[in-house]
Each structure stands twice: as structure tokens, then as C-alpha cells.
Amino acid sequence: MRKYDIVLFGATGFTGRLVAEYLLETYGHSEDLIWAIAGRNAGKLAQLAKELGAPELPIIIADSADEDALSSLAASTTVVCTTVGPYALYGSELVGACVANGTHYCDLTGEVQWMRQMIDEHAATAVASGARIVHTCGFDSIPSDLGTLFLQQAMQAQYGVPAKHVKLRVNRFSGAFSGGTVASMINMMEDAGRHKGLRKILADPYALIPHGAARGSDLNDQTDARYDEHFNRWTLPFVMAAINPRVVRRSNALMN
């Protein structure tokens, strides 16, 4: 029996605070869901708990580069939810700690090259330890990933066959990019500029499928302006179009 159900790592950041507010509003802090906030700055964490009106929230101090602290954090909880990016810079040790301790993990990365690295390094060990490592649990890539799943389930139920093509069109949305998202995108571009192999991964629509899994017949993703006859609109690539379809293809391959 672990001490916590969820530890929120990076709680004082822009996105982390939103998650903390949601957890508190939805579950409070009771025996139904025992959770803690974590990060590297004790003062900021205490201030956050106070501002949330929950000074009793447990606080865990851990730095993204401190392997011992991260291992202790992972061992104390059933699930780690992390919002600390860019993940290629600050996330690898935490994934490793969760895998080693059999701790479930989720993040909201959109860094395809880093996800490929984590899959290659940890998939077999995660299976052995029972840790479920789930990336892209934010706007990357839940609408596209679960939206495709629900659509295909509906197709199977109504017509007995899956859809051959699925289109996602985003008309408008509110809000803005967080600093962490911008930093992740910049870091991904810088990494691609330094490493030719990463550019190949980023350009591959099937970059995230398991090794040896069947590739589909679809061509590269849209990169220019095109008129869509189904929507009767001119379309441009969505800002997340280089990420979300790769996640959908991985889910599709994993589900056979």
C-alpha cells in the first residue's frame, strides 16, 4: 500500500497549478483520493497550497536531476502526473524512476523524439514492473487519440467495419501556449537541427509505433494549404499535426 494515490510533480508551474486546482475542486483532499504536490522549491509549493486554500496538502521536494529523490517520490505513490517540461531536458530520470518502481506515469509532452527514446529505453522494463507510462495526456493528444477511438467504436457498432479515414478539423479554440510548451517546441527544433537522426524520426508519420508493427498506406501528413471537399473550407496543418497523428497511429498499432 503506497502513501499517495497521485503525486503532482511540477505543481507550481502554469499547467501544474491548473491540475492542482482541478484535483482539489474535484476530489478535495480526503481518503477518497490522497494526493501530494511536488517540485524543487519548498517555499513555492507551500505558497501554492496556501493560495489553493489547502495548506494541509502534503509536499514532496524533488529535483528533476536528483535520481534518489525521484526514486523515493515514485516509490511513495501509485501514479505520478508531471507537468515539468521540456521533457527531453527534465523528464527522463522521472520516467526511469517510475519504471523501476512499478509506478504509473502520465505527462503532457508533445516531444516525439523524446517519446521514441523513452519507449526504446523502458518499454520492456515497464512491462516487467507493471508501470504504465502514458505520454501526451493533455491537448496533446487526448482529443485526437480518444476521439478516433470513440469514432471507430461507433463505426463498428453501426456499420460493422472501421472507418478507413478519420479527419480532425479544429475551427477555433481559446487560450494560449504556456511557457513550457513554447520551450518544448524550441528544444525539439534545436535537437532536430543538431541530430540528423532526430529529423528522420520527426518526419516519419509512424515514428511511435512499436518496432515491427505494420505500417499503414497513408502518406505523409498535410504540410500545406488545401481545400477540403468534406468541410468546404480551405485548411492548414494544425499546430499539433506533427504530434497527434503519430500518437493515434501508435494507439492503433498497440490495439492491433
Extension gain, Glu67 back to Asn41 (0.36 nm per residue minus Cα-Cα distance, nm): 7.7 nm
Calculated P(r) tail over 20 Å for region 20-160, as whole % of Cα pairs: 55 percent
Hydrodynamic radius (Kirkwood) for region 1-102, which is based on Cα pairs only, to one decimal in Å: 13.4 Å
Met155 accessible area, 1.4 Å probe, all protein chains in place, Å² to nearest 10: 50 Å²
Estimated inter-spin distance, Phe238 and Ile142, nm [label 7 Å along Cα→Cβ]: 1.4 nm
Contour minus Cα-Cα distance for Glu21 and Leu33 (0.36 nm per residue): 2.9 nm
Computed over the chain, the ratio Rg/Rh where both radii use C-alpha atoms and Rh is Kirkwood: 0.99
Region 48-106: GluC sites (Glu not before Pro) in DSSP loop, at most 16 other beta carbons within 10 Å: Glu56
Separation of the Ala123 and Val170 label points, Cα + 7 Å toward Cβ, nm: 2.7 nm
Using a Förster distance of 30 Å, the FRET efficiency for Asp218-Met1 (Cβ separation, nearest 0.05): 0.05
Difference of contour (0.36 nm per residue) and Cα-Cα distance, His211 to Phe150: 19.4 nm
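The values are calculated or read from the model by the stated rules, or taken from the named source; none is laboratory data. Predicted model only: the values in this text are computed from it and were never measured. All Cβ positions, even for glycine, are placed from backbone atoms using ideal geometry, and neighbour counts span all protein chains on display. When the accessible area is computed, the model is the full protein with side chains, heavy atoms only, and any ligands, DNA or RNA have been set aside. Shrake-Rupley method; radii C 1.70, N 1.55, O 1.52, S 1.80 Å.
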